[in-house]
Every structure is written in structure tokens, then in C-alpha cells.
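The values are calculated or read from the model by the stated rules, or taken from the named source; none is laboratory data. Small disclaimer: the values here were computed from a predicted structure and weren't measured. Here the Cβ is made from the backbone with ideal geometry for all residues, glycine too, and neighbour counts use every protein chain on show.
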Amino acid sequence: MRGALGGPRVLLRRLREVMAEPVSAQERLDKIVVMIAANMVAEVCSVYVLRVDGSLELYATEGLSREAVHQTVLGAGEGLVGLVATEAQALNLPDAQAHPAFSYKPETGEEIYHSFLGVPVLRAGNTLGVLVVQNRAHRTYSEEEVEALQTTAMVLAEMIASGELEALARPGAEPAVRRAVQVKGLALAEGIGLGRVVLHEPRVYVKNFIADDIQNELKRLDQAIDTLRASIDVMLEEEGMARAGEHRDVLEAYRMFAHDRGWLHKLREAVMTGLTAEAAAERVQSDTRARMMRQTDPYLRERLHDLEDLTNRLLRELLGYDQAPRRDETPENAVIVARNMSPAALLDFDRSRLRGLVLEEGAATSHVAIVARALGIATVGQVENAASLADSGDAIIVDGDTGEVHIRPPAGIEASYIEKVRLRARKQAQYAALRDMPAVSKDGQAVQLLINAGLLVDLPHLKETGADGIGLFRTELQFMVAATLPRTGEQLRLYRSVLDAADGRPVTFRTLDIGGDKVLPYMRALEEENPALGWRAIRVSLDRPALLRIQLRALLHAAAGRELRLMFPMVSEVGEFDRARKVVERELTHLRRHGHRLPDRVHIGAMVEVPALLFMLDEILERADFLSVGSNDLVQFLFAADRGNVRVAGRFDALSAPILRALKAVADAGKRHSKPVTLCGELASRPLEAMALLALGYRMLSVSAPAIGPIKAMLIQLDIGAAEKLLLPLLSERAGDVPIRERLEAFAAKCGVPV
């Protein structure tokens with residue numbers, strides 16, 4: 001290193017000694033800048049710390065005027081220091097004053113210095129400050145000097161992150177590392193959760209940054225890399241992974257990165273500067289994250305996730321951590337923060353202690369969101385960089401109504417949310433008072449309000465909400481949260497428990513709706529370009545009749561002496577329904593022949609999800625005992641818009657003429673054939689949309705359990721006949737010319753209907 005007295009290793013050793021001294025935070029910073037300046041033969045060394053208001057404050061300097069410390073403040077993005085903070089990249093200039101971003105602060109006395117080297121102080125890819133060295137001479141700092149300053153910045157990052165500098169800050173100007181963060185995501189499950197952050201994949205914190213033996217650290221790194229590569233190879237060779245679709249793609253990406261020479265070279269270079277192997281891994285990860293977080297290309301952002309996951313595996317290997325964190329002890333008031341997670345992983349936590357869930361991914365109809373709603377957990381998805389913004393134990397507020405997430409909220413925000421929770425509790429008490437009130441509209445029309453369910457944890461909602469039954473029981477959730485295929489006996493016990501809990505109220509069991517995005521962990525996934533339109537639901541059941549027969553046998557046994565309602569998902573043509581119905585009849589014949597007690601009656605229905613069935617309604621109703629509209633899939637198929645794709649999922653309005661015309665056609669067909677028709681998608685769980693469905697003729701709605709209260713409150717204030725007179729003429733007008741949603745909102749406001 002040009003002009004350096006001993007190089008970065010000596011500097012790091014001296015830094016370690018200073019960090020251990022029992023001195024004040026300001027004294028420690030002052031010693032650090034003197035030491036860096038001396039080591040790098042720099043005439044100036046300064047530390048700027050990013051504040052909660054986005055500005056940068058000079059916290060320590062050697063070479064500039066000492067009176068400028070805590071007095072010089074640069075606005076967000078101001079000057080060369082602001083540029084380094086914004087870009088999160090080193091800036092190396094032989095003549096700083098010639099740069100267009102140069103900002104002169106007369107109180108510092110820096111006008112005599114020309115060369116400038118600034119590096120961001122990074123932690124988990126987030127900028128905490130800027131470290132700068134300057135010289136009078138016009139020169140470009142060497143790569144070794146840049147590397148040495150970046151390595152030193154890591155130590156400063158931990159000092160800032162520890163909270164040690166907070167005592168030096170004025171109120172309102174605290175370091176940004178602990179700043180309040182407000183981010184906006186997609187509301188997935190309503191409710192408000194106040195609690196403390198629990199990271200689904202706890203971050204590995206590096207405690208020891210400075211190496212005692214460089215060669216030993218290189219050896220540790222090489223051994224960990226070899227072990228990591230071998231473990232990925234083993235996973236790829238495991239039975240069931242040979243054609244495992246997305247899972248295999250992820251592991252292949254891991255293997256590609258693990259063998260990337262550039263990545264390994266950066267790791268070794270970082271160790272050579274004097275860092276431990278784990279500190280080197282964190283340094284490379286943080287630098288990469290800082291750069292890629294500023295990319296707009298979604299492919300590059302996705303690769304960032306792959307590289308971060310791989311680095312975390314490497315860190316766990318170096319530090320001897322278990323690959324799977326323990327979740328058997330859930331802290332009080334836990335709010336889980338994750339990139340994404342499976343329903344089974346969520347159910348590992350103690351439900352009684354969970355207050356919220358925040359996901360970097362996730363969509364309203366994703367399976368973890370469905371389970372979160374069943375558990376009554378406030379959930380927000382699509383929160384970018386959530387797992388890096390929060391630390392375990394941070395205070396956090398999750399607003400599942402608006403999609404807002406507040407990390408380390410100020411006292412004022414927290415107080416307002418506490419009041420909001422109180423108001424919500426009062427509203428819930430009002431809904432609870434409606435529990436035993438008949439679901440009858442203002443003009444005397446009775447409506448059946450049912451709940452959607454899929455797990456044992458859903459069953460208490462029947463009593464809590466006063467629902468008329470279960471309009472959709474998703475049997476696949478039991479299969480998705482199990483480690484192995486549930487046996488007949490396990491299925492039988494679940495179905496019997498559901499019927500027992502219903503206590504005579506109707507329960508509609510949907511047969512396995514797997515495939516597409518619902519991949520069972522123990523079944524081989526198929527490579528399909530369009531899985532939503534591929535081998536799934538009834539198609540899987542008809543091609544694997546043994547799976548369907550086992551499930552039907554368990555259902556028929558469980559319903560002995562009671563009524564059983566069976567429903568087949570994703571029926572595309574009447575021939576599929578006929579084939580599935582014959583399987584039921586064969587199972588009934590088998591049970592009868594062997595002397596088993598049968599259900600008193602078996603009702604067999606079909607889900608209307610595939611648009612083709614809209615043109616076969618009369619034919620299907622001649623065969624089926626009932627229909628149920630799955631609005632989630634029907635809407636996505638009608639608009640050719642993947643409901644899990646945030647770029648298109650919200651682009652089309654479900655309260656538009658094409659959708660409402662299709663839904664009315666199904667309701668009208670049910671009336672013609674005197675067959676019941678239920679709507680069981682998420683559409684029915686929103687009061688305004690439910691009002692439209694009632695106006696279309698639906699008298700059976702199956703909704704999420706928390707929606708029962710708001711829907712009933714809307715219903716008892718609604719004149720369905722008046723809503724019908726408003727809505728039906730709008731459907732006959734030219735599609736797109738009439739803002740149907742706005743008309744319905746105006747009607748509700750005028751009539752005092754709470755939506």
C-alpha cells in the first residue's frame with residue numbers, strides 16, 4: 001500500500017486495541033481517525049455518520065478544523081460525501097474540487113486538500129456513514145488503499161450499529177442505523193400487529209473481524225467453501241431432486257455461485273487485508289448487496305437473493321451454526337419477518353404469541369397468506385428488503401389493513417396505533433354482537449354466510465363468528481403442511497373433527513387442489529411453462545386415481561350417518577366431472593359391499609374456475625348437485641393476469657362488467673336448475689364486492705372468518721332489491737363506459753351501508 005505504515009493488517013490490529021479501550025465514544029472515534037490518517041499517510045481522515053433525517057454529520061476528523069465536528073452537516077446527497085452515501089460506492093479523485101458534486105464548507109478548512117477517497121460505511125448493504133481520507137497533493141489512491149479503507153469501514157459500521165454513538169447525537173439527529181423506518185407493502189391479512197421482530201432466517205452476526213493468522217483464515221475459508229459445495233452437490237443428487245423444477249433451479253444457482261471464481265477471489269482478497277474468513281464473507285456480501293439493491297433489473301435482484309442465501313450458508317458453516325434455526329420457542333408478541341415462507345414453517349411458531357407477519361414476497365392468494373388469515377395474523381407482503389431493514393428484537397408495527405410496516409416506530413406513531421387497536425377492538429366487539437343475529441337484509445332476504453377453512457385451527461371460527469357452516473374446506477392444506485403424504489387414518493381424523501366441529505352445519509370439502517403453485521414437499525414437481533394452466537387439481541386426481549380414492553374413502557368414512565358435500569376443483573368440461581363422480585360411486589359401492597355405514601346423503605358439486613365451464617352451465621347443472629364459484633382463479637383466467645404477479649394482479653378491477661356478467665350467468669343458471677350456487681373466493685370477503693354479489697343474485701357467500709362481521713354488518717343495512725336495480729342496468733351498458741365500482745360506492749354512502 002502506497003505510503004502506508006504497516007498496511008491494513010497493522011491498522012486492524014491497532015483498531016482492535018482501540019475498540020477494547022474503556023474510553024468514551026468520541027474519544028474512540030478521535031483515536032480511530034488519527035490512527036487511519038497515520039497508517040495511510042493521509043493529511044485528513046474524517047468520519048461522517050448518516051442521521052435519521054437523511055443528512056450526514058461530521059463526527060470526527062484529523063486534519064480538518066476540530067470546531068467543525070458535530071457542526072458540519074451535509075444534506076441528503078450533498079457534496080462528494082453525500083454522493084458516496086447515495087451510490088454506496090467508493091469515490092477516488094485526484095482533484096476533488098474539480099468534481100461537479102464538490103460542496104465547500106468554509107468551517108472545515110478543507111479547501112487546501114485536493115485528493116479525495118471516500119468509502120461508504122455499510123452494514124447488510126445499508127449505508128450508515130462515510131469514511132474519508134484527503135491529501136493536499138493531486139493523486140489517485142491505489143487499489144490497496146481503497147481496500148484498506150473499506151475494510152476499516154467495516155469496523156466502524158459495527159461501532160455505529162452498536163448504538164455507541166447515540167449519546168453524542170442531538171434529539172432528532174440520531175444515527176440512522178436505529179432510525180424509524182416506514183415501508184409500504186401489499187396488505188395480505190387484515191389486522192394490526194404490534195410486537196418485536198423475529199427473523200425467520202436469523203441473520204448471522206460476525207463478532208470477530210480482525211484475523212490473528214491470515215494463512216489460517218484462508219485455510220478456514222477454503223475448507224468452508226469445499227464443505228458448502230459438497231453439501232449442494234449432495235442435495236442435488238438426493239432422490240426426488242432430479243426433476244424438482246424450481247427447487248432444483250435454486251440449488252443450481254447456488255452451485256453456480258459457489259464455483260464462481262470472481263466470488264472466491266473477492267473473499268480471499270478480503271481475508272488478505274486482515275479480516276477473518278467470516279468478516280470477509282460479510283464484507284463481500286454487504287458490498288454486493290449495496291450495489292445490487294440499486295439495480296432495477298428484477299433478474300439481478302433475484303440473483304441477489306440467491307447470493308445472499310449462499311453467503312448465509314457459508315457464514316453458518318464458518319461459525320458452526322445449525323442450518324435450520326430452532327423455532328420451538330416463540331417469544332411473546334412475535335412478528336415474523338421473512339423473505340418468504342411456507343405454511344408449514346408459519347405453523348411451527350406458537351400461534352398464541354404471533355402478532356404479525358412481514359414478507360418480502362407473497363401475494364393475497366399465496367398459501368402462507370391464506371394460513372395467516374386463518375390464524376388471524378396481520379400480514380403484509382411485497383415489503384422490499386424487509387429482512388435487512390429489521391434486526392431481531394426491534395419494535396415493529398404491521399398494519400394488515402393499509403399494508404404499512406413501521407420498524408422502530410417513534411413514540412407518536414406507536415401511540416396512535418395503540419389507539420387504533422383499541423378502536424378496532426371496539427369494532428370487533430360490535431361485530432361480535434351481531435354473531436347471533438340472522439343474516440337477513442334490510443328488505444328481508446336471507447343470506448347464508450359461511451367461512452373458508454382448511455386446518456384444525458380454523459374450526460373455532462365457526463362458533464366465534466356464528467357462521468352458517470364451512471363453504472370451502474381446502475383439503476390440500478393438510479397435505480401441504482405435512483412432511484409426508486397423510487395416511488387414510490390421518491385424513492379420516494381431520495375430516496371427522498371438522499364435521500364434529502360443524503355440529504350439523506354444512507361443510508363443503510374440496511378434493512385435493514394440488515399442482516401449479518401448490519407443490520407438495522414430498523412429491524416430484526413438474527417442469528411446466530404455465531403451471532397455473534397445467535397439471536393440477538382434478539387433472540391430477542383423475543390421472544392419479546389412487547390418491548383420489550384414498551381421500552374419498554376417508555371422507556365417506558368420516559361422514560357416516562351424516563350428510564357429505566364433495567366438490568371437485570378446476571372442472572373444465574362435464575366429462576371430467578362425470579369421471580370424478582364415477583370414482584365416488586365406486587367407493588360408495590365398495591363401502592356398501594363391505595358393510596360400512598354410509599353417509600346419509602352425498603352431494604357432489606363442481607367449482608366454476610375455468611372460463612370454459614361458463615359455456616356449459618346447463619350441462620354441468622344437470623349432473624351436479626351444486627356449484628361453487630372460485631373467484632380467485634376465475635378472475636385471473638378471464639383477464640389472463642396471474643394473481644401472484646404483482647405487476648398485473650392489481651391491473652384489472654373485479655367489479656368490472658366482464659367479471660360481473662360472468663358471475664351473473666352462474667347465479668342465473670343455478671336459479672334455472674334450482675341448484676344452490678356459492679361464491680367462495682376472496683371476492684366475497686370484501687363488503688363492497690359482497691354487496692355486488694348479492695345484487696347479482698348470490699345468497700350463499702363463503703368468506704374468510706374475519707370477514708363475517710363486516711359482511712353481516714353490511715348485509716343488515718342493505719336493501720338488496722335497491723342494489724339490484726342499480727347494478728343490473730349497468731351490466732347492459734358498454735363495458736368500460738361505466739365506473740361500476742364508483743357507482744356502488746356512491747350508492748352505499750347514500751344509503752348508509754358500511755362498506
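For beta carbons closer than 6 Å, sequence separation of 6+ or different chains, a first residue in region 636-648 that is at pLDDT below 75 and a second that is assigned to a loop (DSSP other than H, G, I, E, B), the qualifying pairs are Arg643/Thr365; Arg643/Ala649; Gly644/Ala363; Val646/Gln382.
Being among the β-branched types (Val, Ile, Thr) and under 25 Å from Pro710 (Cβ atoms) is a description that applies to Val629.
Criterion first (over 26 Å from Ser24 (Cβ atoms) and of a type in the set (D, E, K, R)) does Arg170 satisfy it?
No: the conditions fail for Arg170.
Exactly one residue among Ser46, Ser24 is within 17 Å of Val130 (Cα to Cα) and among the small types (Gly, Ala, Ser), and that residue is Ser46. Criterion first (assigned by TED's automatic domain parsing to the domain that holds Met700 and surrounded by fewer than 19 Cβ atoms within 10 Å (Cβ to Cβ)) does Ser441 satisfy it? Criteria not met by Ser441. For region 202-224, the count of residues that are outside the structural domain of Thr151 (by TED's automatic domain parsing), modelled with pLDDT of 80 or more, within 30 Å of Asp348 (Cα to Cα) and surrounded by 20 or more Cβ atoms within 10 Å (Cβ to Cβ) is at least one.
From the list Asp668, Asp719, which residue is assigned by TED's automatic domain parsing to the domain that holds Ser631, under 30 Å from Ala429 (Cβ atoms) and not hydrophobic (A, V, I, L, M, F, W, C)? Spell out how you get there, then give the answer.
Values: Asp668 fails: under 30 Å from Ala429 (Cβ atoms).
Sole residue among the options that is assigned by TED's automatic domain parsing to the domain that holds Ser631, under 30 Å from Ala429 (Cβ atoms) and not hydrophobic (A, V, I, L, M, F, W, C): Asp719.
For region 28-85, the set of residues classified as free of Cβ contacts under 8 Å to residues at least 12 places away in the same chain and surrounded by fewer than 20 Cβ atoms within 10 Å (Cβ to Cβ) consists of Arg66, Gly77, listed by residue number. Filtered by the rule that a residue be in contact with a Gly (Cβ under 8 Å, 6 or more places away or on another chain) and among the acidic types (Asp, Glu), region 459-488 gives a lone residue, Glu476.
In this structure, Leu58 qualifies as under 26 Å from Ala167 (Cβ atoms), outside the structural domain of Gln285 (by TED's automatic domain parsing) and in contact with a His (Cβ under 8 Å, 6 or more places away or on another chain).
Can you tell me which residue in region 620-652 is nearest to Ala532 (Cα to Cα), limited to those that are surrounded by fewer than 15 Cβ atoms within 10 Å (Cβ to Cβ) and not hydrophobic (A, V, I, L, M, F, W, C)? Step by step, filter region 620-652, then rank; the result is Asn645.
Taking the criterion of being touching an Asp or Glu at 6+ places or on another chain (Cβ under 8 Å), at pLDDT below 95 and closer than 24 Å to Cys751 by Cβ, the only residue of region 664-705 that qualifies is Leu683. When region 718-755 is filtered for residues that are within 37 Å of the chain's Cα centre (by Cα), over 16 Å from Leu660 (Cβ atoms) and not aliphatic (A, V, I, L, M), the ones remaining, listed by number, are Gly752, Pro754. Each residue in region 24-64 was checked for being under 21 Å from Glu87 (Cβ atoms) and among the hydroxyl-bearing types (Ser, Thr, Tyr), and 4 pass. Residues of region 454-502 that are surrounded by fewer than 17 Cβ atoms within 10 Å (Cβ to Cβ), more than 23 Å from Arg351 (Cα to Cα) and in contact with a Lys or Arg (Cβ under 9 Å, 6 or more places away or on another chain): Thr488 alone. The set of residues in region 435-462 that are among the small types (Gly, Ala, Ser) and out of contact with any helix residue (DSSP H, G or I) (no Cβ under 8 Å at 6 or more places or on another chain) comprises Gly444, Ala446.
Go through the residues of region 498-514 one by one and say whether even a single one is over 22 Å from Arg601 (Cβ atoms) and β-branched (Val, Ile, Thr). Spell out the reasoning first.
Just the residues of region 498-514 that are over 22 Å from Arg601 (Cβ atoms), to begin with: 512-514.
Next, from what is left, pick out any that are β-branched (Val, Ile, Thr): 514.
The answer is yes, given that some residue of region 498-514 is over 22 Å from Arg601 (Cβ atoms) and β-branched (Val, Ile, Thr).
Scan region 355-412 for residues that are in contact with a Pro (Cβ under 8 Å, 6 or more places away or on another chain) and part of a loop (DSSP other than H, G, I, E, B) and the total you get is 2.
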